[in-house]
1. Tell me, yes or no, whether segment 330-341 has at least one residue that is in contact with a helix residue (DSSP H, G or I) (Cβ under 7 Å, 6 or more places away or on another chain), at pLDDT 95 or above, closer than 24 Å to residue 264 by Cα and not hydrophobic (A, V, I, L, M, F, W, C).
2. Go through (1) exposed (fewer than 15 other Cβ atoms within 10 Å of the Cβ); (2) touching a helix residue (DSSP H, G or I) at 6+ places or on another chain (Cβ under 6 Å) for residue 325 and report which single condition fails.
3. Looking at segment 38-68 only, could you name the residues that are touching a residue at least 24 places away in the same chain (Cβ under 8 Å) and among the aliphatic types (A, V, I, L, M)?
4. Taking the conditions exactly as written (touching a helix residue (DSSP H, G or I) at 6+ places or on another chain (Cβ under 7 Å), among the polar types (S, T, N, Q) and part of a loop (DSSP other than H, G, I, E, B)), does residue 147 satisfy them or not?
5. For segment 63-112, which positions are of a type in the set (Lys, Arg), buried (at least 17 other Cβ atoms within 10 Å of the Cβ) and in a helix (DSSP H, G or I)?
6. Would you confirm whether any residue within segment 125-143 is over 17 Å from the mean Cα position of the chain (by Cα), at pLDDT below 95, of a type in the set (S, T, N, Q) and outside the structural domain of residue 60 (by TED's automatic domain parsing)?
7. Collect the residues in segment 78-131 that are without any contact (Cβ under 8 Å) to a residue 40 or more places away in the chain and β-branched (Val, Ile, Thr), keeping them in residue-number order.
8. Specify the residue that is farthest from the chain's Cα centre (by Cα); the eligible residues are those in segment 277-322 that are surrounded by fewer than 24 Cβ atoms within 10 Å (Cβ to Cβ) and basic (Lys, Arg).
Amino acid sequence: MPRLCRTLVLSILAFSLGDVCAQDVSLEDLFHQAQAASREDDYVRAEKLYRQILAADPEILAARVNLGLACYWQHKSREAVGELQKALHVSPREFSALLFSGLAYIDLTQYDRAQTLLEQARQVNDKDALLFWALGSLAMIHNDASTAVPLLERCAELNAENVRCMWLLGDAYAILAYSGHPTPAVRDDYASRADAALRWMEQHQPNSALLHVFKGDVLAARKATADALAEYQRALEIDPHWPDIHLLMGSLLGLQGRLDDAQAELKRQLQTHPDDTRAMLEMGSVYCTEGDYSKAVPYLKEALTRDSHNYDANYRLGQSYLALGKQTLAIEYLERAIQIKPEKSNPYYLLHRAYRTLKQPEKAAKALQQFKRLKSMGS
């Protein structure tokens with residue numbers, strides 16, 4: 001399960017007795033019972049009651065939406081999507097159905113679909129904390145801290161007690177503080193914000209797995225890899241089922257050059273979360289580092305079926321195809337990487353190599369010129 005806010009945010013549609021014939025007035029009682037079950041976090045009972053209501057009258061939109069939410073909070077994401085899509089077929093701008101469909105698709109690591117639905121939800125209602133948490137989460141999944149910060153800050157404004165929002169926001173601040181930002185004043189500002197978020201987390205989540213994961217994230221941003229791994233290990237001891245822990249550890253082990261250990265952790269992640277796009281990307285990256293590009297390709301291609309706008313996956317796949325002598329395919333994915341992050345210099349250098357091999361000197365020279373220009377700017 002991705003990093004989800006546990007605050008229950010339900011947008012219940014008004015239930016009109018006029019929708020129900022007089023002889024079916026008991027449906028209103030069932031609806032109120034289902035609502036009460038949801039408020040008590042008894043989503044199993046709520047699901048059962050909403051299914052009873054819909055068996056009697058499949059056209060009650062509020063029951064359909066709330067059934068989807070009850071499935072979502074039970075982590076039955078595929079069933080949630082199915083019910084919420086039925087609701088959206090009837091009412092395409094139903095905010096709760098759009099929002100929770102997007103959240104369910106994040107759970108399913110189908111990030112392209114999640115992004116589309118969440119952007120549609122934002123057009124309907126731009127004052128929902130959970131929506132901005134979800135959009136910020138997607139930006140962080142794409143390693144785009146600059147985009148994530150204003151989204152997560154908006155979430156924090158709307159819900160100041162959301163610990164998962166503060167965690168991701170602190171992560172984003174740390175990444176921007178320690179990623180070599182060219183302006184020292186900006187770096188210092190982000191560093192102080194990251195420290196403030198950490199202090200806040202220490203007060204609100206003492207001795208928790210979340211706190212140790214957050215500390216590990218900040219240390220990883222500072223390139224203190226060994227210390228970060230130690231924090232992740234402490235988190236694992238507190239909560240052996242923390243959803244991303246093997247992914248986080250595998251990523252850091254890869255950075256340390258401990259490639260066999262990295263693969264072992266990533267395999268553990270994929271065993272428990274076989275559709276985890278991020279773990280697929282990390283596994284592909286480890287194989288690229290090893291120089292085993294033929295093994296990297298399947299992981300990277302599978303990641304892109306769910307997350308086509310992922311810069312790293314497109315870049316790594318372009319790199320792999322170039323190493324395998326498939327220049328035309330390499331160019332396709334490198335161009336996609338450039339469209340996603342035009343400020344990055346590395347894809348241009350690989351494009352230069354691909355065009356040079358294909359005996360296209362003008363395109364090769366143009367790509368090399370762009371590479372040098374961006375490199376001089378520190379990109």
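1. No, every residue in segment 330-341 fails to be in contact with a helix residue (DSSP H, G or I) (Cβ under 7 Å, 6 or more places away or on another chain), at pLDDT 95 or above, closer than 24 Å to residue 264 by Cα and not hydrophobic (A, V, I, L, M, F, W, C).
2. Against the list (1) exposed (fewer than 15 other Cβ atoms within 10 Å of the Cβ); (2) touching a helix residue (DSSP H, G or I) at 6+ places or on another chain (Cβ under 6 Å), residue 325 comes up short only on (2).
3. Listed by number, the residues that qualify are 44, 46, 53, 56, 60, 61, 62, 63, 65.
4. no
5. Residues of segment 63-112 that are of a type in the set (Lys, Arg), as a first pass: 64, 76, 78, 86, 93.
From the residues that got through so far, the ones that are buried (at least 17 other Cβ atoms within 10 Å of the Cβ) too are 64, 76, 86.
Of everything in segment 63-112, those that are of a type in the set (Lys, Arg), buried (at least 17 other Cβ atoms within 10 Å of the Cβ) and in a helix (DSSP H, G or I) turn out to be 64, 86.
6. Looking through segment 125-143, none of the residues is over 17 Å from the mean Cα position of the chain (by Cα), at pLDDT below 95, of a type in the set (S, T, N, Q) and outside the structural domain of residue 60 (by TED's automatic domain parsing).
7. Residues satisfying the conditions are 81, 90, 116, 124.
8. 295
The values are calculated or read from the model by the stated rules, or taken from the named source; none is laboratory data. As the structure is a computational prediction, the values presented were derived from the model and not from experiment. Quick reminder, even Gly has a Cβ in these numbers, built from the backbone with ideal geometry, and neighbours come from all protein chains shown.
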